[in-house]
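Okay, structure first, notes after.
The values are calculated or read from the model by the stated rules, or taken from the named source; none is laboratory data. No experiment lies behind these values; they were computed from the predicted model shown. Cβ coordinates were reconstructed from backbone atoms using ideal geometry, including for glycine residues, and neighbour counts include every protein chain displayed.
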Amino acid sequence: MFDYNGKKIVFEGKDSKNPFAFHYYDPERVVAGRKMKDHLKFAMSYWHTINASGTDMFGGDTADKNFGEPYGMERYMKKADFAFDFMQKLGIEYYCFHDVDVAPEGKNLEESVRNLEVITDYFAKKQKETGIKLLWSTANMFSDKKFMAGAATSPNADVFAVAAGKVKAAIDAAIKLGATNYVFWGGREGYDTLLNTNMGLEVDNLARLLTMARDYGRAHGFKGDFLIEPKPKEPTKHQYDFDVATCVNFLRKYDLLKDFRMNIEANHATLAMHTFQHEIRVARINGVFGSIDANQGDMLLGWDTDQFPTNIYDTTLAMYEILKEGGFKNGGLNFDAKTRRQSNTYEDMLLAYIAGMDSFALGLIKADELIRDGRFDKFVEDRYASYKDGIGKRIVEGKENLESLAAYGAKLENIKVDSGRQEYLEALLNDILFR
Ligand code: XLS
Ligand code: NI
Ligand code: NI
């Protein structure tokens, strides 16, 4: 059953018992006016897929991702060949990477940048051959020991300088490869204790680096979105890009709202004690929805487990928000997810992506049904009907003030608020999911 025949993974439908086939993801099928593949814009994460080898805090590798090459550029070339072949097998049209995922690090910035240039030239050739595109690039500014106290928010200005150099090179890579986004995830941009931290300077410096990146990118022809990826904690106890609402406030304070949007990760949302849907909604109502890092956490584990998404409630409600947004523009759906340590074979990697892609495909189908069914939207609309005319309309239009409202409300008695019908709506969601 788990003997994979090496062929391209294709859609076989939900009655298929073949694990190496899509059961819901039918790339060419039109849902809500667009092909599924164009709605979903699936991307492969280079770091988890091509590099992660099962290491955890208690044990080493369980999978071999060295491709028979002990070190150096040869290994990274083999990784690239594998990556493009893997995406083609699954029909994935986008990928994402950090600088250090794709090329070996040199003894200094100059050498690392040169390595990155060699590999991105190779990527450019591969992209041309396969039609695969870069969704986003980013700079890893959290793994090397010089980043132990942050990058832009490090107390050491030399670290800030090297971080700026890495961002420049990763933006150059984005431009060269035609990426439609550039991502900032604030790896260690936060603190472990306020006892040693100048928070005001650190947050100002973070804004300084982002502003320099925006200015450099725009001056060199980068037309895509800059994205911040909120996360509340891990590796630091407190990350400055805590959640979407915090990031929106940050962008507004430093006048960056025009160029920056959000890359929302499901597991980061739950670490911030929000649902995935909540974070997308907050981004939408503030006009900063950008892209998705698709994964899921484990309810019983308090960290970023980066599991492949299989929870259909979550994928449906996420796709509901994305459809309401009008779909992805520059963004897409990057599987920032890795197979479990015990799922350590090549087949597991395929099965994991198939599970994630099918879960979002089914989520898309169900979200479209939910919208076409209309009862949810109608319920919410009716619930706020008091703002459509009379006093509510006048409040919304700014025609009332505290005194006029005090006069209006003075004699009101027995005000009745209608039931919120939560249980009915939850059952209705089940009806749509399981019919
Ligand atoms: C880590 C983040 C990271 C970003 C890219 O928690 O999710 O993988 O997506 O730096
Ligand atoms: Ni992520
Ligand atoms: Ni994450």
(request) Could you check, for the stretch 222-233, whether at least one of its residues is farther than 20 Å from PHE97 by Cβ, within 15 Å of ligand 1 (Cβ to nearest atom) and among the basic types (Lys, Arg)? (result) yes
(message) Is it the case, given these coordinates, that ASP259 is more than 19 Å from PRO309 (Cβ to Cβ) and either surrounded by fewer than 19 Cβ atoms within 10 Å (Cβ to Cβ) or away from ligand 2 (no atom under 16 Å from the Cβ) (or both)?
(response) yes
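Scanning the stretch 376-406 for residues that are of a type in the set (Lys, Arg) and part of a helix (DSSP H, G or I), which turns out farthest from VAL417 (Cα to Cα)?
Step one: list which residues in the stretch 376-406 are of a type in the set (Lys, Arg), which gives 378, 383, 388, 393-394, 399.
Narrowing the set further to residues that are part of a helix (DSSP H, G or I) leaves 378, 383, 393-394.
Working: LYS378: 17, ARG383: 9, LYS393: 17, ARG394: 19 Å.
Once the filter is applied, the top-ranked residue is ARG394.
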(request) May I ask you to list the residues in the stretch 66-93 that are in a loop (DSSP other than H, G, I, E, B) and at pLDDT below 95? (result) ASN66, PHE67, GLY68, GLU69, PRO70, TYR71
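Of PHE184, PHE142, PHE147, which residue is in contact with a Pro (Cβ under 9 Å, 6 or more places away or on another chain) and closer than 30 Å to ALA83 by Cα? Give the derivation first.
On the way: PHE184 fails: in contact with a Pro (Cβ under 9 Å, 6 or more places away or on another chain); PHE147 fails: in contact with a Pro (Cβ under 9 Å, 6 or more places away or on another chain).
None of the other options fit; the residue is PHE142.
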(request) Specify which of the listed residues (ILE365, ILE292, ILE312, ILE371) is within 16 Å of ligand 2 (Cβ to nearest atom) and among the β-branched types (Val, Ile, Thr). (result) ILE292
(request) Name, by its number, the condition in (1) in a strand (DSSP E or B); (2) surrounded by fewer than 20 Cβ atoms within 10 Å (Cβ to Cβ) that does not hold for SER16. (result) (1)
(request) Just need a number here: residues in the stretch 106-154 that are surrounded by 21 or more Cβ atoms within 10 Å (Cβ to Cβ), part of a loop (DSSP other than H, G, I, E, B) and within 16 Å of ligand 1 (Cβ to nearest atom). (result) 6
(message) Given the condition more than 16 Å from ligand 3 (Cβ to nearest atom) and closer than 22 Å to GLY290 by Cβ, answer yes or no: does some residue in the stretch 332-354 qualify?
(response) yes
(request) Look at ASP243 and say whether it is within 18 Å of the chain's Cα centre (by Cα), surrounded by fewer than 22 Cβ atoms within 10 Å (Cβ to Cβ) and either within 16 Å of ligand 2 (Cβ to nearest atom) or not aliphatic (A, V, I, L, M) (or both). (result) no
(request) Please note which helices (runs of 4 or more DSSP H) are completely contained in the stretch 224-310 and include at least 1 residues that are away from ligand 3 (no atom under 16 Å from the Cβ) and in contact with a Leu (Cβ under 8 Å, 6 or more places away or on another chain). (result) 244-253, 276-285
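Determine whether ILE365 is away from ligand 1 (no atom under 16 Å from the Cβ), crowded, with 16+ Cβ neighbours inside 10 Å and among the hydrophobic types (A, V, I, L, M, F, W, C). Give the derivation first.
On the way: away from ligand 1 (no atom under 16 Å from the Cβ): yes; crowded, with 16+ Cβ neighbours inside 10 Å: yes; among the hydrophobic types (A, V, I, L, M, F, W, C): yes.
So ILE365 fits the description; yes.
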(request) Answer yes if at least one residue in the stretch 215-222 is touching a residue at least 40 places away in the same chain (Cβ under 8 Å), out of contact with any Cys (no Cβ under 9 Å at 6 or more places or on another chain), within 16 Å of ligand 2 (Cβ to nearest atom) and not aromatic (Phe, Trp, Tyr), and no otherwise. (result) no
(request) Determine whether the stretch 325-345 contains at least one residue that is assigned to a helix (DSSP H, G or I), touching a residue at least 12 places away in the same chain (Cβ under 8 Å), within 16 Å of ligand 2 (Cβ to nearest atom) and under 19 Å from TYR94 (Cβ atoms). (result) no
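Considering only residues that are in a loop (DSSP other than H, G, I, E, B) and in contact (Cβ under 8 Å) with a residue 40 or more places away in the chain, look in the stretch 24-52 and name the one that is nearest to ligand 1 (Cβ to nearest atom).
Restricting attention to the stretch 24-52, the residues satisfying the condition of being in a loop (DSSP other than H, G, I, E, B) are 24-29, 32-33, 41, 52.
With the extra rule that they be in contact (Cβ under 8 Å) with a residue 40 or more places away in the chain, the set shrinks to 24-27, 32, 41, 52.
Working: TYR24: 25, TYR25: 23, ASP26: 28, PRO27: 25, ALA32: 27, LYS41: 16, ALA52: 10 Å.
Taking the candidates together, the pick is ALA52.
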(message) Condition (residue is under 19 Å from LEU135 (Cβ atoms) and under 20 Å from the mean Cα position of the chain (by Cα)) applied to the stretch 337-345: is it met by at least one residue?
(response) yes
(request) Specify the residue that is farthest from the chain's Cα centre (by Cα); the eligible residues are those in the stretch 166-220 that are part of a loop (DSSP other than H, G, I, E, B), under 20 Å from ASN140 (Cα atoms) and away from ligand 3 (no atom under 16 Å from the Cβ). (result) ASP192
(message) Give me the residue from the stretch 369-387 that is acidic (Asp, Glu) and in contact (Cβ under 8 Å) with a residue 24 or more places away in the chain and, out of that set, surrounded by the most Cβ atoms within 10 Å (Cβ to Cβ).
(response) GLU369
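For PHE2, state whether it is at pLDDT below 95 and at positive phi. Lay out the reasoning, then the answer.
Details: at pLDDT below 95: yes; at positive phi: no.
So PHE2 does not fit the description; no.
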